[in-house]
1. Take each of the peptides 55-67, 24-36, 120-132, 97-109, average the number of other beta-carbon atoms within 10 Å over its residues, and list them starting from the highest.
2. Tell me, how many Å apart are the Cα centres for the stretch 1-72 and for the stretch 95-121?
3. Using the Karplus curve 6.51 cos²θ - 1.76 cosθ + 1.60 with θ = phi - 60°, work out ³J(HN,Hα) for each residue of the stretch 106-123 in order, rounded to whole Hz, and write x for Gly and Pro.
4. Work out which helices of the chain, taken as complete DSSP H runs, extend at least 24 Å along their axis over the Cα atoms and score a mean Kyte-Doolittle of 1.0 or more, then list them.
5. May I ask you to give the solvent-accessible area per residue for the stretch 22-62, in square angstrom, as obtained with a 1.4 angstrom probe?
6. Among bridges DSSP assigns within the chain, what percent are antiparallel (round to 5)?
7. In the set (i) 1.04; (ii) 0.94; (iii) 0.98, which value of Rg/Rh (Cα atoms, Kirkwood Rh) was calculated from the structure you see?
8. Send over a whole-number figure in Å² for the accessible area per residue of the stretch 73-135, probe 1.4 Å.
Amino acid sequence: MSPTFESIRLAIERRLASWDGVPVEYDGAPQTPELKAAIEAKQSWVRCTIQHGASLVASISNRPETRRTGIIQLQVFTPENRGSRPAALLADSLAAHFEYHQDGHLTTDAASVQRVGESDGWYQYNVGVPFSAGC
């Protein structure tokens with residue numbers, strides 16, 4: 001059976017929930033009290049956005065199977081007055097946690113990390129992790 005977009009979201013959020021890091025904001029979900037407190041206190045936090053890509057026909061038999069692709073985008077925010085090191089360390093930790101992971105039909109590939117720099121009182125790094133789901 002082909003994976004649904006909802007099953008992909010749940011697998012990614014389950015993996016992120018097992019990461020022992022800072023509070024996380026999930027795209028489209030209400031902010032948790034822990035996340036609100038971290039942002040207000042200018043403490044580190046992460047935003048998770050799932051960017052779906054192409055869906056491909058993976059096999060044809062009695063019933064076609066679909067492979068879905070996309071990128072997990074993790075934006076790391078740390079207080080700007082502490083420099084780049086805290087953001088880089090969190091980005092390294094997230095990259096190691098997500099790359100080459102398998103959960104059912106979800107598989108992730110090598111993570112890419114990009115330094116964004118200072119903006120609006122935060123220092124930002126972005127972590128991108130390509131994924132595919134399905135047969």
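The values are calculated or read from the model by the stated rules, or taken from the named source; none is laboratory data. Just so it is clear, the model here is predicted, and its values are computed rather than measured. In this analysis, Cβ positions are derived from the backbone assuming ideal geometry, glycine residues included, and neighbour counts consider all displayed protein chains. Note: accessible area is taken over every heavy atom of the protein model, side chains too, but ligands, DNA and RNA are not part of it. Shrake-Rupley method; radii C 1.70, N 1.55, O 1.52, S 1.80 Å.
1. Details: 55-67: 11.5, 24-36: 13.9, 120-132: 18.9, 97-109: 16.2.
Going by the mean number of other Cβ atoms within 10 Å, highest first, we get 120-132, 97-109, 24-36, 55-67.
2. One Cα centre to the other: 11 Å.
3. Residue by residue, the stretch 106-123 yields 8, 10, 10, 10, 4, 7, 10, 10, 10, 7, 9, x, 8, 6, 6, x, 10, 9 Hz.
4. Details: long enough: none.
Within the chain not a single helix satisfies the rule.
5. Values: 2620 Å² over 41 residues.
On a per-residue basis, the stretch 22-62 sits at 64 Å².
6. On the way: 36 of 39 bridges.
Bridges in the chain are about 90 percent antiparallel.
7. For Rg/Rh (Cα atoms, Kirkwood Rh), the calculated option is (i).
8. Values: 3120 Å² over 63 residues.
Accessible surface, normalised per residue, equals 49 Å².
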